[in-house]
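Below is one structure, written out as structure tokens; the observations come after it.
The values are calculated or read from the model by the stated rules, or taken from the named source; none is laboratory data. Quantities reported herein were computed from a predicted structural model and do not represent experimental measurements. A quick note on method: Cβ atoms are made from the backbone with ideal geometry, for glycine too, and the neighbour counts reach across all protein chains shown.
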């Protein structure tokens, strides 16, 4: 190995050591003692912005308009109309410079009760959680349209029946965010979902199709 390569390697090692070993300090004006900054020295050389977060809360109406393939899996139970809510924690992935529409990936968790249609039926509850992606379609407007899609797990329970059954849910949504003067953003959306649930002892699965009409707030 030539001397030039050895010297260059040593120079890189020394620079790297000084970069990471240097610890920024400040002097306390009262006691005169020297204290460490809470941020490390690397932040002086590399500016890494924090990924913006967005929290959402929504509630609204649900209608199960289709039960296909194996409707008898619910033993004749009929429940169509209900209401529910959802909490959502999202990370912004695109549009950080506010010149392009924002894209968010989120982790939602929601709960819905669908009420029995008659005295011979029982209420159905649905707990869902998973991943969603939301694309805003405009920037710097008072009303911003968005589309979204998600893949979730969904647990179905029937009132008075022990346990529950877990299936998957695919959902698509369209709505509008309404910007207010405060940091809060209000929104309204419609949502379509397709779910699939197994049933022990039955080869076919039960499939629900339902629609939601939701309103909420983001901050």
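Quick notes
- Among the candidates 121, 78, 106, the residue that is in the same structural domain as residue 193 (by TED's automatic domain parsing), modelled with pLDDT of 95 or more and surrounded by 14 or more Cβ atoms within 10 Å (Cβ to Cβ) is uniquely 106.
- Of all residues in the stretch 198-216, those being without any contact (Cβ under 8 Å) to a residue 60 or more places away in the chain and surrounded by 14 or more Cβ atoms within 10 Å (Cβ to Cβ) number 1.
- Test for residue 175: is it over 20 Å from the mean Cα position of the chain (by Cα) and free of Cβ contacts under 8 Å to residues at least 40 places away in the same chain: no
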